[in-house]
Each structure stands twice: as C-alpha cells, then as structure tokens.
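Student: Shown below is the structure under consideration.
Any read-out appearing in this document is the output of simple, stated calculations on the displayed coordinates, not a laboratory observation. Bear in mind the structure is a predicted one, so any value in this text is a computation, not a measurement. Backbone-built Cβ (ideal geometry, glycine too); neighbour counts: all protein chains shown.
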Amino acid sequence: MEYFIQQTVNGITLGSIYGMIAIGYTMVYGIIGMINFAHGDIFMLGAFAALITFLILTAIFTSVTVVVALIVMMAVAILMASLWNWTIERIAYRPLRGSFRLAPLITAIGMSIVLSNFIQVTQGPRNKPIPQLVSQVYDVYGISISLKQILIVVITVVMMTAFWYLVNRTSLGRAQRATEQDRKMAALLGIDVDRTISITFIMGAALAAVAGTMYLMYYGVAVFSDGFTPGVKAFTAAVLGGIGSLPGALLGGLLIGLIESLWSAYFSIDYKDVATFSILAIVLIFKPSGILGRPEIEKV
Amino acid sequence: MTVSSTNPADKQQGLVARGLREAFFAGLISLGMFSLYIGLKTDQNMRNELVLVTRWGLLATLVILAMIGRFLMIVVVQPRLAARKSAKATAAHGQAEVPGFVARNLTAIAVVALLLFPPVIVSLFGMQGSLKWIDNFGIQILIYVMLAWGLNIVVGLAGLLDLGYVAFYAVGAYSYALLSTYFGLSFWVLLPMAGILAAFWGVILGFPVLRLRGDYLAVVTLAFGEIIRLVLINWVEVTKGTFGVSGIAKASVFGIWSFDVSAPNNFAKAFDLPMSSAYYKIFLFYVILALCAVTAYVSIRLRSMPIGRAWEALREDEIACRSLGINTVTTKLTAFATGAMFGGFAGAFFGARQGFVSPESFVFLESAVILAIVVLGGMGSLVGIAIAAVVMVGGTELLRELTFLKAIFGPDFTPELYRMLIFGLAMVTVMVLKPRGFVGSRQPTAFLHERKAVSGSFTKEGHG
C-alpha cells in the first residue's frame, strides 16, 4: 500500500508538469485550431533559460537563497519563452492563418526542428547537469515526499488557479473565449483578434516555461532534445482530456503521469510509453472527443 | 492604390523611416531572444561543472543581421511584392499561359534523365567516385519520393492525417530483415511480403481509428508510430533492440547474379569486370526507380478508378459521402492499406540497401519529414512531391558536402550540425511563402464538358 501511495505521489508530480505543458497545447488548439508542435520545444527553451540564469546567478553571487534563485529563474524563463513564442507566432503562424489545415501544422513541425537544433548548435549536444537545488525529503508515514515534489504540485495549483481566473473572470479571458467560438464575430464586436491570439501564445509559453523550470529542478539536467518526449506526452494529455478544455488538460496530464509511474512500478519500465499511448488510443476509440471534451457536432 | 501623399519622394522617406523603426524593434527583439542562448554558452570545465562562456561578438553580428534583414524587407522586398501583385492582377487577366516544351514533356524528360543518371555519373566520376552520388543522392532521394508518394495516398487523396507513417516503413524494413535472417528468404520473395504485411498493419491500425477525425486521428497515428518503435526497441529477443539487425542479405538480380563477393555467380565475376561495390548501388538505383514508377502508376490509375474518386470525395466532405452511399469504412481502410503497402515496399528496399536496420531510423522526425515533403510539394501532385523531395532531401545531403565552409568559419565548423537547422528553416520559409506547396494548381479527375485546372485554394485540403 505504501508503495502504491509512493508511486502515486511520483505520478502526480510528473503529471503536474505534463499538465502545465498541456495547457499551452490546448489553449492554442482551442483558439486557432492548430496543433502547435513547437510547444514542447518552447518548454525546453524555458528549461535552458532557467539553467543559464542559474549559472549566471552562481557566477555573480557567491551564495544565493534557493527561493530567490528559483523565482529569478522562473521569471527569466517565462520572459524568454514568451518572447520566443510571440515571435514565432508572429512570423511563422500568423501569415498562415486562414490557410488550409495542414499548412500551420507543417510550419509548427518545422519550427520544432529549428528550435531543438538551434539549442543543439548554440549550447552543444551534451547533457547539462546542475547541482541539486532543493534536497529536503520528508517522511510521512513511511512515504517519502521531497520538497521538490511539494513545490511542483503547489506551483501547479497556483498557476492553474491564476489561469482559471484569467480565462473565466477577466475581460481578456472573455475575449479569448469569444475568439475561440467565432473569430469573425469576435472581431466585429470589437475584439482585437490578433492581439488576443498573441496573448494566448504568451500565456501558453509562460506555463511551459514554469514547467521547464520545474523539470530542470526535479531532474537536475537539461538537454536539447528534451522538448520532444515531454512535448508528445503533454500533447497526448491534452487530447486525452479533451483538446480545447483547460481542466481536461490538467486531468489528462495527471492521468498520463499516474499511468506512467504506476505502470513502471508494477509492470515493466520499458513499456511505460507503450502503455501511455495504448491507453490514449483506447480512450479515444470509445470516447473520440476525449474525457472532458465537447463532442464535435458537425453542421451540414 | 490611393495614398494621401502623392509625392513619391515623400512616400520613399516615410518608407525609410518606417523601415528604420521596424529594424530597431527587430534588433531589440532578436537581442532579447538570442541574449541568453547565443550570447552565453554553457560548457563543461575540467571538474565537470557547467561554466558560462560569453560570445558577445556573435550575438552582435546576429542582431545586426536581423536589423538589416528587417529593414530591407520593409523598404525593398515588400513594396516590390506589392507592385508585382497589382501588376499581375491588372495584366494577366484571363490569359492562359502556354506551357513551354519542358513543362509539357516534364515526365518524359525526368524519366530519361533518371535512366541515364548512373551511366553519366560513372563516366564523370569513375566507379568509386560515383558511389556517393548514386547512393547518397540518387537512392536516398528516390526512397523519400516513394515514401512521400505512398503517404500522399493517405493524406493527399483520402485526406486522413497520418503522423505515424514511418511505422509502416519500419514494418517493411523489419519484415525483410528478420525473415531473411531467420528463414533465408530472398529479397524478391520478401518484397511483396513486406508490402502485404505493412498493408495488414495498416488495416489493423486503421480499424480502431475510423471514428476519429482530423487532429485526433493525427495524434493516434503518432502514438501508433511511437508504439511500434518502442516495441522494436524493447522486444530484444527478436529484434535485437537498439543494436538493430545487421548483416542483412543483399538483393540479387532475380537470383541469376548475386552481389555477394564470395558467391560463384557474383555479378562482377560473371562479366569479368573488376570488383567494385558500385554495381550493387547502380542495381539498387534501378530497383528503387522501378518501385517509384510502380507507385506513381498505381496512384495515377487509382485516382481515376471508383475507389480513388471515393477517396477524394471523402476528403472533401465525409457527410456528403455517406449520404451518397459510399462505404466510408472500406474507403478509409483501403487508403490506409494502400499507403502502408508502399511504405512496406520502401522499407524492404531500405533494409536491402543498408544491410542494417535499427529503431533509430524510424523516429517521429522521419514521419514529419515525409509529411513535410507531401505538403511542401502541394498535396496530391506527384510532380510537386518529387520536386519537394529533391529540394529538401537533396539540399540537406548537399550540406554534408560543404566542407569548403571550413575555410571560412575555421576548422571547428561542422556543416553537418547545421543540416537539420537549415532543413527546419527551409520548411518554415517554403510554407510561409507558398502555403499551397510547389505545385498549387490541380487537374480534376472528374469534370463536365472541359478539363480546367483549378487553384489549390478551391479544394478543401488543397490537393486533388
């Protein structure tokens, strides 16, 4: 039983990271109906920004408090990832808006290749390890919970609450939801559609950057190819939860994290990704629009 | 256009001012974007700790380049494009362009050129020197042409977005590799078998996803592609895992001549030629050329058959299709199976060519590259896809050859590293400039009275 709870805790931690990345996929998909394949690499860029910021901090100051370091790392990562995602949307996706469905998808795949290779070329192909930032581990009734895990879950909850508030309670969120439903009508009613879409990309990037910082803190290593696997998992999570739905993305992320850690704990670690993808396929076969997704009603 | 300031000098001045302003912003943004990633480099020191190395010079160069680029874009390129567009709109109204000799006989010229390619290369570079050109360029490009034509049936004709096409390529390659190593079957027996097995997998994978649409279909096919790759990695007893299967038998000329050095019926020995590995490559070149020809022939014929029409109808409107009595289940499954079959053929060929297969060759990036070729070529257009394959695959192969760049950028410069970066940038650029792909016009298969080419913008998915 303790083993099970331990694995569940690990799964929730991993799932929180996936969930945060998945929000970016789901928001962009919701608002312009495009799979932003480069989002996983934005997450990786965020992790690298945090890594480099950490190195700058340790080079300038001999001793930094962990809390300050983490906050600064996160802030720089958010700034960097947002700037990149904004620019990418501006130069690579916006000209293709209104084009046929596959054009932006191919551009996004191209962008993903560009971003991961850009980091490989500029920062080198090797793993970049950093020293352990947070090392405390608490023992709760025989289950060891590390401070890192608590931090990740708490930050996820805080970010999600903030996002829920932004999307459901502010005029910006209202503009986003309106744009999502009917872009032309929203424009007619005085919503700056371009600006709303740009902000959506920035918001997604910010969450991905936070996830990237958490990932770096949790595993203590970053590498240029990090964007792909977590990116695909997060995308899977978004689809599993029902693409376009914010709670769905978080739920999907948590589910994927749990499946992964429980499958590796009880069956085989080699086939954990096979299990994840199989469950995705099975869920979609029985519920084609995901767990919390609205069924697509096609009008003739 | 009616602009309030009619004085051209005024306009020019305004343009330059705008260009300078935009260039300033571009510089600011690129400075922000590149500051951490290019200005600083993480390196490992002797104690294996990460240290930062600064590269301010490089950062400054790139920022200045971005500013100049943006300025020229605003001041020179954009007005010129606008002028050309308005000139085109007024002048070429309704005037049909008469295609030139090359355009009319493109297919015939291409076929002749390809047939003559190996002898010409051999006479130019000699036996050993020709290897690189025939293998790295000829065969490599033709494999991608074939894969892209195969995927074109699924994506271009039937409109089913498949992000896991490489799975069928893998099935074909591993069918050949495993059946020839374990059972000693020959290439010519296994080639159709690989195709059949891949088609079979196409049906198996296609069946559960029939209800899914668009992007859901895309993610499930992506998942299937990853599952097959992961199984190949982890089922070590059969597939030898990440080490891959090596020592795969070579193909023979229908069993008459062999290319094994020790075999008594060795090709070179039979004709008293000097020993060289080039014969095998030349032979393979003609094999893949024939396979490509079959793929093209089948695609063209299928398009004018009821099933091909059904695919195209399905792509344009699934509901209308169903109302008209088309069985969407069999239509989708045949598309999946046919596309997968060609992937399987290409896979078996790949196994025979490399003599070695490993899961490394079947990553998602391959699927993405194949799909990119299909879309960049202008979906549904076989010629466009072939052009895209030559440009994208040939172009990146060419980057391997640019060793003279070392003289400019110093001996540490490896063009190899920049290959995929440039590939990605090219993908984005082509897509932004030509969203409909290289060949944007369509010849309809079914028509009333007369056949008119339509712009790709009129078809739903831009192919047809």
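Student: Using r as the Cβ-Cβ distance of B:Glu237 and B:Glu360, and R0 as 22 Å, what FRET efficiency do you calculate, to the nearest 0.05? Before the final figure, lay out each step's value.
Tutor: Numbers: r = 19 Å, r/R0 = 0.87.
Computed FRET efficiency for B:Glu237 and B:Glu360 comes out at 0.70.
Student: Rank-order A:41-52, B:207-218 by packing density, defined as the average count of other C-beta atoms within 10 Å over each peptide's residues, highest first.
Tutor: Sorting A:41-52, B:207-218 by mean packing, highest first, produces A:41-52, B:207-218.
Student: Mind pulling the per residue volume of the convex hull built on the Cα atoms of segment A:92-148? Å³ is fine.
Tutor: Roughly 184 Å³ of hull volume per residue.
Student: What number, rounded to the nearest 500 deg cm²/dmol, is the helix-based mean residue ellipticity at 222 nm of the protein assembly as shown, given -39500 (n - 2.57) per DSSP H run of at least four residues and division by all its residues?
Tutor: Mean residue ellipticity at 222 nm (helix-derived): -22000 deg cm²/dmol.
Student: Hey, another quick one. Mind listing the Cα extents of segment B:13-78 along all three principal axes, in Å, largest one first?
Tutor: 58, 15, 15
Student: Quick check on packing: order A:100-112, B:372-384, B:54-66, B:19-31 by the mean number of other C-beta atoms within 10 Å, highest mean leading. Write down the numbers at each step before the final one.
Tutor: Values: A:100-112: 24.8, B:372-384: 26.9, B:54-66: 14.6, B:19-31: 16.6.
The peptides rank, most packed first, as B:372-384, A:100-112, B:19-31, B:54-66.
Student: Let me ask something else. Which Rg and Dmax, in Å, describe the Cα atoms of segment A:2-227?
Tutor: 18.7, 60
Student: A further question on this structure: As a test, work out the antiparallel percent of DSSP beta bridges whose residues both lie in the protein assembly as shown, rounded to the nearest 5. Let's see the in-between values first.
Tutor: Numbers: 16 of 17 bridges.
Of the beta bridges lying entirely in the protein assembly as shown, close to 95 percent run antiparallel.
Student: Let me ask something else about it. Can you tell me how segment A:108-194 classifies by the Cα gyration tensor, rounded, prolate or oblate, using a/c under 1.5 as the rounded cut?
Tutor: Details: a/c = 4.30, a/b = 1.43, b/c = 3.02.
Oblate is the answer for segment A:108-194, as a/c is 1.5 or above yet b/c matches or exceeds a/b.
Student: Rank-order A:175-188, B:77-90, A:145-158, B:149-162 by packing density, defined as the average count of other C-beta atoms within 10 Å over each peptide's residues, highest first.
Tutor: In decreasing order of mean packing, A:175-188, B:77-90, A:145-158, B:149-162 become B:149-162, A:145-158, A:175-188, B:77-90.
Student: I've got another one for you. Greater than 20 Å separation of Cα atoms is the criterion. Which listed pairs, B:Lys240/B:Lys281; B:Lys88/B:Lys434; B:Lys85/B:Lys434; B:Lys250/B:Lys281; A:Lys233/B:Lys41, meet it?
Tutor: Pairs exceeding the cut-off: B:Lys240/B:Lys281; A:Lys233/B:Lys41.
Student: Suppose R0 equals 22 Å; then what is the FRET efficiency for B:Gln78 and A:Ile202 from their Cβ-Cβ distance, rounded to the nearest 0.05?
Tutor: Efficiency, rounded to the nearest 0.05: 0.25.
Student: In debye, nearest 20: dipole of the protein assembly as shown around its Cα centre with unit charges on the Cβ of K, R (+) and D, E (-)?
Tutor: It comes to approximately 1840 debye.
Student: Right, next: If I take every Cα pair under 8 Å that is 6 or more residues apart in chain A, average their sequence separation and divide by the length, what percent do I get for the relative contact order?
Tutor: It rounds to 37 percent for chain A.
Student: Would you mind ranking B:Cys292, B:Cys321 so that the residue whose beta carbon has the fewest other beta carbons within 10 Å leads the list?
Tutor: B:Cys321, B:Cys292
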